[in-house]
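Down below is the structure, laid out as structure tokens.
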Amino acid sequence: MLIVFGSLLAYYLLAMWVEPYVPWWLTTVVGFVLLFGLLYLGSVWLDHDIMRAAEQESSDGDRS
């Protein structure tokens, strides 16, 4: 969660700083790339968490 908030805050501050120097559409494209990158990262982490939970559950079933 901190990675997402930190990334979005850093992007916002950087976008405000470079606004006079770059076109508005470039800032928008970079924002979308960041957003989709964070969504992809979240889906990968969710997949890893699901697999880890399944492995723990199967190992708990072997013990009983």
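Details
- Residue 59 meets the stated requirement of being part of a helix (DSSP H, G or I) and either loosely packed, with under 10 Cβ neighbours inside 10 Å or of a type in the set (Asp, Glu) (or both).
- Here residue 50 fulfils each of the conditions (1) outside any helix (DSSP H, G or I); (2) within 19 Å of the chain's Cα centre (by Cα) apart from (1).
- Close pairs from the stretch 4-22: first surrounded by 11 or more Cβ atoms within 10 Å (Cβ to Cβ), partner at pLDDT 90 or above and assigned to a helix (DSSP H, G or I), Cβ under 6 Å, at least 6 apart: 4/38; 11/34; 15/27
- When every residue of the stretch 34-47 is checked against the conditions, at least one turns out to be assigned to a helix (DSSP H, G or I) and of a type in the set (Asp, Glu).
- Within the stretch 23-47, the set of residues being open to solvent by less than 100 Å² (accessible area, probe 1.4 Å) and more than 22 Å from the chain's Cα centre (by Cα) comprises 23 only.
The values are calculated or read from the model by the stated rules, or taken from the named source; none is laboratory data. Just so we're clear, the structure is a prediction, and the values are computed from it rather than from any experiment. Heads up, the Cβs are rebuilt from the backbone with ideal geometry, glycines too, and the neighbour counts pull from every protein chain shown. SASA here: full protein model, heavy atoms, side chains in, ligands and nucleic acids out. Shrake-Rupley method; radii C 1.70, N 1.55, O 1.52, S 1.80 Å.
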